[in-house]
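This report refers to the structure that appears directly beneath it.
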Amino acid sequence: MQFQAFEFGAVRLDPFEKDLFRALNRRIPAICRELPRSIRDLGMYYLLEHFTKYRLGNLANFFGKFYAPSWTYIHWLCEKLPPARRDVFERLCVQVQASGMLLHILDDHLSDGDAPVSSVSLQLRTQAWQQLEAGAEGLALAVGSPAALRWQELVDQYFAAICEREVPTFEAYVDRFRGQVATGLIAARALCAAGSVDFARFREGFEQFTIAWRLLDDLRDISEDLERGEHSSIYYLLPEHERADWAANRASKSFEQAVVQASTQLVNDAMTRLERASALLYDIGLPHYAAQVFSLGLPLQMRS
């Protein structure tokens, strides 16, 4: 069963967003430069070997697998700030967001065994955390109310989610993923506080977008998940009597029909979430960002 053709739509970036993306990718060599001198080159080589196919040019697109709304919100929320405050907030947000995205990549690949655990990879992870924490503390000071930012709360939610290995229902699976993207909201919480934007509603819109992303990834990775016995969102949408076939990787005709039905439900769910996210983000005064989120779902609508 192949669903690789299902993909989100492209997001057109303006010049400011392109500059922001370049700044995020430049954080990778910056993090490596902060490693102990003896392993700086090894740290860069580790990232090149396992995440860029040995191509230095790919460092300029290191975060290319993250859909643009994962980070473009920094630009649009910075627009809510007085011009004199934008530079310091953008610099700190780039530091926090890039560190968080690198940690997401490392935690995912190290835990799955797709990249080897070594002294170098562990030190890279440590350095990324230190950079995230330093940036978050800087944002707390910039906001002027460290207690209001509560970035440690988001980190705690992240760890609670990635350490929870099994869940009983589709709803629980979705809720777990909310926690898995919590570190991606540290910068947003600071910017919302500084720009008087409703963070709770922003968070809901952001989470709906990222959940739709997770559901689409599950659809595209179904063959791999079956081989590994991973319980993705599709598993939880199957009838109880078909779940045993998932665990045994038995491709009976009834099982394949059930998977196709669950996949259709998944696509519809993803489209609904993107529409909901777009509406929420528009309502809190982020029309351009809302349009980016909405555009992701256009190819799915054409397939439905």
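Hey, what did the chain get for relative contact order, percent, Cα under 8 Å, at least 6 apart? Could the numbers behind the result be given before it?
On the way: 349 pairs, mean separation 70.6, N = 304.
Computed over the chain, the figure is 23 percent.
Enter the angle in degrees (range 0 to 90, nearest 10) between the Cα long axis of helix 83-112 and the first principal axis of the Cα atoms of the chain, meaning the one along which they spread out most.
For helix 83-112, the angle is close to 40 degrees.
Would you please report the Å³ per residue occupied by the convex hull of the alpha carbon atoms in the stretch 76-220? Don't skip to the answer; put the middle values down first.
Details: hull volume 16.8 nm³, N = 145.
Convex hull of Cα atoms, per residue: 116 Å³.
What residue among 118, 63, 106 has its Cα farthest toward the positive end of the dipole of the stretch 49-151, where the charges are +1 on Lys, Arg and -1 on Asp, Glu, each on the Cβ?
My answer, from the dipole projection, is 63.
Can you tell me the 0 to 90 degree angle between the C-alpha axis of helix 151-162 and the longest principal axis of the chain, rounded to 10?
The angle comes out at about 20 degrees.
How much length, in nm to one decimal, is gained on full extension between residue 84 and residue 148, taken as 0.36 nm per residue of separation minus their Cα-Cα distance?
Values: separation 64, 0.36 × 64 = 23.04 nm, distance 2.17 nm.
Contour length minus Cα-Cα distance gives 20.9 nm.
What nm distance separates the two modelled labels at residue 58 and residue 265, each placed 7 Å from Cα along Cα→Cβ?
3.7
Hey, how many Å between the Cα centroid of the stretch 124-173 and the Cα centroid of the stretch 48-90?
18
Separation between the residue 164 and residue 244 pseudo-spin-labels, each 7 Å from Cα along Cα→Cβ, expressed in nm?
Spacing of the two 7 Å Cα→Cβ label points: 2.9 nm.
If you stretched the chain out fully between residue 224 and residue 257, how much longer would it get, using 0.36 nm times the residue separation minus the C-alpha to C-alpha distance? Walk me through the intermediate numbers first.
Numbers: separation 33, 0.36 × 33 = 11.88 nm, distance 1.82 nm.
Taking 0.36 nm per residue and subtracting the Cα distance, the gain is 10.1 nm.
If I model a spin label as a point 7 Å beyond the Cα along the Cα-Cβ vector, how far apart are those points for residue 175 and residue 122 in nm?
3.4
Let me know the charge dipole size of the chain about its Cα centre in debye, to the nearest 20, where only the beta-carbon of Lys, Arg (+1) and Asp, Glu (-1) is charged. Present the calculation step by step, with values, prior to reporting the outcome.
Details: 32 positive and 39 negative charges, 210 e Å.
I would put it at about 1000 debye.
Calculate the translational D of the stretch 159-274 in whole µm² s⁻¹ from Stokes-Einstein, where the hydrodynamic radius comes from the Kirkwood formula applied to all Cα pairs, the temperature is 25 °C and the viscosity 0.890 mPa s. The partial results should precede the final answer.
Values: Rh = 15.4 Å.
Here the translational diffusion coefficient equals 159 µm²/s.
Just the Kirkwood number for the stretch 25-85, please: inverse of mean 1/r across all distinct Cα pairs, in Å, one decimal. Could you put the intermediate results ahead of the total?
Values: mean 1/r = 0.0739 Å⁻¹.
By the Kirkwood definition, the hydrodynamic radius is 13.5 Å.
Compare 240, 17, 204 in a GNM of the chain, Cα atoms joined below 10 Å, and give the one with the largest fluctuation.
240
For n ≥ 4 DSSP H runs only, could you compute -39500 (n - 2.57) per run for the chain, divide by its residues and tell me the 222 nm figure to the nearest 500?
On the way: 16 runs with 219 residues, N = 304.
So the helix-based figure for the chain works out to -23000 deg cm²/dmol.
Can you give the angle from 0 to 90° between the axis of helix 253-283 and the longest principal axis of the chain, with both taken from C-alpha atoms, to the nearest 10?
Between the helix axis and the principal axis of the chain, the angle is about 30 degrees.
Every number in this text was worked out from the coordinates using simple rules, so none of it is lab data. On a predicted model such as this, the values are computed, not experimentally measured, just so you know. As a convention, Cβ positions derive from the backbone with ideal geometry for all residues, glycine included, and neighbour counts pool all protein chains shown.
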